[in-house]
Amino acid sequence: MASPHQPEVAPRRWRAYADAVALTLGLNVWVSVVLLPATFVQGLQGTGGLVAGALPLVVLALGLWRRSELALLLAFPAAVLVPIGVAPQIAAAHVYGPTRFALVSLGVAAYLFGVSFFSSFHEPPPPVSTRWLSSAQAGTPPRWKRRERVYWGLFALSLVFPGTLLVWVNFDAQVHAYLGQMYPGRLAQMITMLNVSAIVLWVAIYQFAFLGVLRPHRTGDRDLAVTMAEARASAARGRPRARFYFGVVGALLLMAALLWHRQSQG
C-alpha cells in the first residue's frame, strides 16, 4: 500500500528536474552570449561592467526561486541584453562567426523551448483506475492533426524568421558597409541596435499577425471559445444577469402565495 506522501514524490522530482534544465540552459546562454564574448574583447571592465554582466545570473536565480515564467522567459533574455548595451563590442561581427552564431542561436532557442515546455507541462497524478475508450481506437481526429500542423508551423516560424533577420543584420557585407559609411566608428553600436530592433519587430509581428490570425486554430472550437469569452466578460462586470432578478422576483411571489394560502386556510 502506498504511503500518504507518495503522490508528492513525483511532482517534487519533476519540479527539481525542470529547475535543473532551466538552470543548465540559462547558464549556457549566459556563458555563450555574455561571458565568453566579454572575455574575448575585454568589454566588461570596472564595477559597472561586472554588475551588468552578473545581472542576468541574478534574474535567472530569482526566476528559478519564484518559478516565474515571466522572469525566466522575458526578464532573463532582457537582462542578457543589458551587458551588450553597456559594451556593444560584445556583439561585434568579428566575435560571432556564422558557425558560432548558429550554435549560440540554438542554445537560446533550446533555453526558451525548454523553459516554456517544463513550466507549462505538469505531470498528472496516476489515476485510480483506467479503462479503454472506444474513441481512443479511432485514431487522431483530423481537427487535431490540423492543430498539430499549426503548432509545428508556429515553432518553425519562431526559428526561421528571426534567424533570417539576425543573419542579415550581422553577416551581410552590404549592410555593414552602409552602416560603416553612415556611422563611422559606431558600427558595433548600430549592429546591436539593429539586432534588438529585429527581435522587437519579430515579436510584434508574431503576436499581432500570426497569433491573431491563428487564434481560433490554437484555442479550439470557435463557438466554444466565443461562449467562454462572453462568460468571462459577463463575470468581469460583476453584476447578476437579468434572469437572476426574474428568479428572485418569482421566488418572492411564490413565497407570498404560500403565505397567503396558509393564512386563508387558517
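Can you pull out the residues in the range 25-46 that are assigned to a loop (DSSP other than H, G, I, E, B) and either open to solvent by less than 40 Å² (accessible area, probe 1.4 Å) or under 14 Å from V108 (Cβ atoms) (or both)?
So in the range 25-46, the residues assigned to a loop (DSSP other than H, G, I, E, B) come out as 42-45.
The answer is G43, L44.
Return the residue satisfying two criteria in turn: it lies in the range 168-189 and is open to solvent by less than 50 Å² (accessible area, probe 1.4 Å) and more than 19 Å from P98 (Cα to Cα), and of such residues it is nearest to the chain's Cα centre (by Cα).
To start, the set of residues in the range 168-189 that are open to solvent by less than 50 Å² (accessible area, probe 1.4 Å) comprises 169-170, 172, 175-176, 179-180, 188.
Checking the rest, the ones that are also more than 19 Å from P98 (Cα to Cα) come to 179-180.
On the way: L179: 33, G180: 36 Å.
So, considering only residues that are open to solvent by less than 50 Å² (accessible area, probe 1.4 Å) and more than 19 Å from P98 (Cα to Cα), the one nearest to the chain's Cα centre (by Cα) is L179.
Got at least one residue in the range 56-70 being closer than 14 Å to V86 by Cα and either at pLDDT 80 or above or part of a helix (DSSP H, G or I) (or both)? Outline the logic, then answer.
In the first step, residues of the range 56-70 are kept if they are closer than 14 Å to V86 by Cα; the result is 56.
If we keep only those that are either at pLDDT 80 or above or part of a helix (DSSP H, G or I) (or both) too, we end up with 56.
Scanning the range 56-70 turns up at least one residue that is closer than 14 Å to V86 by Cα and either at pLDDT 80 or above or part of a helix (DSSP H, G or I) (or both).
Kindly list the number of the only condition in (1) touching a residue at least 60 places away in the same chain (Cβ under 8 Å); (2) part of a helix (DSSP H, G or I); (3) not aliphatic (A, V, I, L, M) that fails for G49.
It fails just one condition, (1).
Find all pairs meeting these conditions: Cβ atoms under 7 angstrom apart; at least six residues apart or on different chains; first residue within the range 143-159 and under 15 Å from A209 (Cα atoms); second residue open to solvent by 80 Å² or more (accessible area, probe 1.4 Å).
Taking only residues 6 or more apart or on different chains, the pairs are V150/H217.
Would you confirm whether or not the range 219-239 contains a residue that is at pLDDT below 80 and within 30 Å of L106 (Cα to Cα)? Lay out the reasoning, then the answer.
In the first step, residues of the range 219-239 are kept if they are at pLDDT below 80; the result is 219-239.
Now restrict to residues that are within 30 Å of L106 (Cα to Cα): 219.
Looking for residues that are at pLDDT below 80 and within 30 Å of L106 (Cα to Cα), one finds at least one in the range 219-239, hence yes.
The values are calculated or read from the model by the stated rules, or taken from the named source; none is laboratory data. It should be emphasised that the depicted structure is a prediction, and the values quoted were computed from it without experimental measurement. Quick reminder, even Gly has a Cβ in these numbers, built from the backbone with ideal geometry, and neighbours come from all protein chains shown. Side chains included, ligands, DNA and RNA excluded: accessible areas come from the protein's heavy atoms. Shrake-Rupley method; radii C 1.70, N 1.55, O 1.52, S 1.80 Å.
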